[in-house]
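Trainee: Supplied in structure tokens, the structure appears directly below.
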Amino acid sequence: MKNILITGGAGFIGSSLIGSLIENPDINITCLDNFDNFYDPRIKKNNIKTYLKKNNFILIKGDICNLRPVKRKFSKRYDAIIHLAAKVGVIPSIKDPVGYTEVNIGGTQNLLEFAKEIRCKKFIFASSSSIYGVNSNFPWREYDRNILPISPYAATKISGELLGHVYSHLYNFQFVALRFFTAYGPRQRPDLAIHKFTKLILEGKPVTLYGDGKTKRDYTYIDDIISGISSALKYDNSKFEIINIGNNQPVELNEIIFLLEKALRKKAAIRGLPEQPGDVPLTFADIRKAKKLLGYEPNTNLSTGLQKFVSWFRQQNEENKQ
């Protein structure tokens, strides 16, 4: 029987991960989430509502910045902690750098301290492709030392990786940082581009395009992200690792809009604005390490993934009308 603590478990990636694990009766899941109002908390509650009936699922409402009130509800032993909770977003972090530091660095250290206290042997940390900054050494490799983040959010994520190395070294537990590259798919946060664009196109409202639309992202479908996390749960051959989880195929933003128009069968109205500070022109994951260590292989191409997302989005709209 495995006991797993998942922070941020009601969010996009967290709830999808729980959905992939919950049917295994040999796994007990504790979901910790504070249901903050960065976006409508009802969305997160809806993400996990079916899990509440499961005997191997416990929901704890709590904040990683202050674990003391909720520690008594935790299991006395966790085999793994999967830390997905964070203040998210590059642009919002520029407006609130102190808040991002408090949550993403301070909260991560609190969880590392907790892992130390209970002698947890595995800690999986959700890092981000944003840590690479503006880096011309494509595709981006984990061992690249020329890494200079250009947003507070990115800086907090690389800080989390460094803290993980310290705790892994001092207290002898495994720390695996997974650098996610632009996750998308069903349950995607409403503030993210694909979700926003889909909603605006269907409503006949202009899509705001920052820059010329030629920025490229390595879009990774949620099932492939979950596959990477699940493989990291099983991985035990080294004590500290940083691993890219991406698709290895950067795609222009203009192409994303074209594919969404095709999936939605509706033309997008475009409203152009200047580029935003903190945005990078290209993200591009080298996934050879993930393949070697985790047997990772992304299986969902962008066109298929967007079709699945659009189908989910339409279904959600119909359910909300009822």
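The values are calculated or read from the model by the stated rules, or taken from the named source; none is laboratory data. Keep in mind that what you see is a predicted model, and the values were worked out from it rather than measured. No Cβ is skipped: glycine too gets one built from the backbone with ideal geometry, and neighbour counts run over all protein chains shown.
Trainee: Can you name the number of the only condition in (1) over 25 Å from ILE118 (Cα atoms); (2) crowded, with 16+ Cβ neighbours inside 10 Å; (3) touching a residue at least 12 places away in the same chain (Cβ under 8 Å); (4) not hydroxyl-bearing (Ser, Thr, Tyr) that LEU84 fails?
Mentor: (1)
Trainee: While we're here: Output the residue which, of all residues in the range 256-294 that are of a type in the set (D, E, K, R) and in a helix (DSSP H, G or I), is surrounded by the most Cβ atoms within 10 Å (Cβ to Cβ). Break it down stepwise before answering.
Mentor: Start the filter on the range 256-294 by keeping residues that are of a type in the set (D, E, K, R), which leaves 261-262, 265-267, 271, 275, 279, 286, 288-289, 291-292.
Subset that is in a helix (DSSP H, G or I): 261-262, 288-289, 291-292.
On the way: GLU261: 15, LYS262: 13, ARG288: 14, LYS289: 17, LYS291: 14, LYS292: 10.
Across the range 256-294, the extreme among qualifying residues is LYS289.
Trainee: From ILE64, ILE82, which residue is in contact with a helix residue (DSSP H, G or I) (Cβ under 9 Å, 6 or more places away or on another chain) and either within 29 Å of PRO277 (Cα to Cα) or acidic (Asp, Glu) (or both)?
Mentor: Numbers: ILE82 fails: either within 29 Å of PRO277 (Cα to Cα) or acidic (Asp, Glu) (or both).
The match here is ILE64.
Trainee: Anything in the range 226-278 that is touching a Pro at 6+ places or on another chain (Cβ under 9 Å), within 14 Å of LYS291 (Cα to Cα) and not small (Gly, Ala, Ser)? List them, or say none.
Mentor: The answer is ASN244, ILE245, ASN247, ASN248.
Trainee: Collect the residues in the range 164-192 that are hydrophobic (A, V, I, L, M, F, W, C), within 20 Å of ARG217 (Cα to Cα) and out of contact with any helix residue (DSSP H, G or I) (no Cβ under 7 Å at 6 or more places or on another chain), keeping them in residue-number order.
Mentor: Of everything in the range 164-192, just one residue is hydrophobic (A, V, I, L, M, F, W, C), within 20 Å of ARG217 (Cα to Cα) and out of contact with any helix residue (DSSP H, G or I) (no Cβ under 7 Å at 6 or more places or on another chain), namely LEU192.
Trainee: Of everything in the range 104-133 that's out of contact with any helix residue (DSSP H, G or I) (no Cβ under 8 Å at 6 or more places or on another chain) and among the aliphatic types (A, V, I, L, M), which residue is nearest to ARG179 (Cα to Cα)?
Mentor: Going through the qualifying residues, I end up with LEU111.
Trainee: In addition: What number of residues within the range 25-40 satisfy the criterion of being surrounded by fewer than 22 Cβ atoms within 10 Å (Cβ to Cβ), out of contact with any Ser or Thr (no Cβ under 9 Å at 6 or more places or on another chain) and either modelled with pLDDT of 95 or more or closer than 14 Å to ASP79 by Cα (or both)? Before the answer, list the steps.
Mentor: Taking the range 25-40 and keeping what is surrounded by fewer than 22 Cβ atoms within 10 Å (Cβ to Cβ), we get 25-28, 30, 34-40.
Checking which are out of contact with any Ser or Thr (no Cβ under 9 Å at 6 or more places or on another chain) leaves us with 25-27, 34-40.
Now restrict to residues that are either modelled with pLDDT of 95 or more or closer than 14 Å to ASP79 by Cα (or both): 26-27, 34-35.
Number satisfying all stated conditions: 4.
Trainee: What's the number of the condition LEU112 fails, among (1) surrounded by fewer than 18 Cβ atoms within 10 Å (Cβ to Cβ); (2) at pLDDT 95 or above; (3) among the hydrophobic types (A, V, I, L, M, F, W, C)?
Mentor: Unmet condition: (1).
Trainee: If you don't mind, there's one more thing I want to ask. Identify, please: which residue in the range 1-50 is part of a strand (DSSP E or B) and among the aliphatic types (A, V, I, L, M) and is, among those, nearest to ILE245 (Cα to Cα)? Reasoning before the result, please.
Mentor: Applying the first criterion (part of a strand (DSSP E or B)) to the range 1-50 yields 2-7, 27-33.
Retained after the next criterion (residues that are among the aliphatic types (A, V, I, L, M)): 4-6, 27, 29, 32.
Values: ILE4: 21, LEU5: 21, ILE6: 18, ILE27: 24, ILE29: 23, LEU32: 23 Å.
For the range 1-50, the residue satisfying everything is ILE6.
Trainee: In addition: Within the range 44-55, how many residues are crowded, with 17+ Cβ neighbours inside 10 Å and more than 16 Å from the chain's Cα centre (by Cα)? Please lay out each step first, then the result.
Mentor: Applying the first criterion (crowded, with 17+ Cβ neighbours inside 10 Å) to the range 44-55 yields 44, 47-48, 51.
Those left that are additionally more than 16 Å from the chain's Cα centre (by Cα): 48, 51.
Qualifying residue count, the range 44-55: 2.
Trainee: Just a yes or no: is a residue in the range 305-317 under 22 Å from GLU142 (Cβ atoms), buried (at least 19 other Cβ atoms within 10 Å of the Cβ) and modelled with pLDDT of 95 or more?
Mentor: Scanning the range 305-317, I find no residue that is under 22 Å from GLU142 (Cβ atoms), buried (at least 19 other Cβ atoms within 10 Å of the Cβ) and modelled with pLDDT of 95 or more, so the answer is no.
For (1) over 20 Å from ILE43 (Cα atoms); (2) touching an Asp or Glu at 6+ places or on another chain (Cβ under 6 Å), each residue gets a yes or a no:
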site	(1), (2)
ASP191	no, no
ILE194	no, no
GLY204	yes, no
TYR221	no, no
SER231	yes, no
TYR235	yes, no
ASN247	yes, yes
PRO250	yes, yes
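Trainee: I need the full set of residues from the range 216-255 which are among the β-branched types (Val, Ile, Thr) and surrounded by 21 or more Cβ atoms within 10 Å (Cβ to Cβ), in order please.
Mentor: THR220, ILE222, ILE225, ILE229, ILE243, ILE245
Trainee: I've got another one for you. Go through the range 155-211 and give me each residue that's at pLDDT below 95, in a strand (DSSP E or B) and not polar (S, T, N, Q).
Mentor: Answer for the range 155-211, where residues must be at pLDDT below 95, in a strand (DSSP E or B) and not polar (S, T, N, Q): VAL207, LEU209, TYR210.
Trainee: Looking only at residues that are more than 30 Å from LYS266 (Cβ to Cβ) and of a type in the set (Lys, Arg) in the range 195-241, which one is nearest to the chain's Cα centre (by Cα)?
Mentor: Only one residue fits best here, namely LYS234.
Every residue, every condition in (1) in contact (Cβ under 8 Å) with a residue 12 or more places away in the chain; (2) within 25 Å of SER128 (Cβ to Cβ), yes or no:
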site: CYS31; (1), (2): yes, yes
site: ASN37; (1), (2): no, yes
site: ILE48; (1), (2): yes, yes
site: LEU52; (1), (2): no, no
site: ARG72; (1), (2): no, no
site: SER75; (1), (2): yes, no
site: VAL88; (1), (2): yes, yes
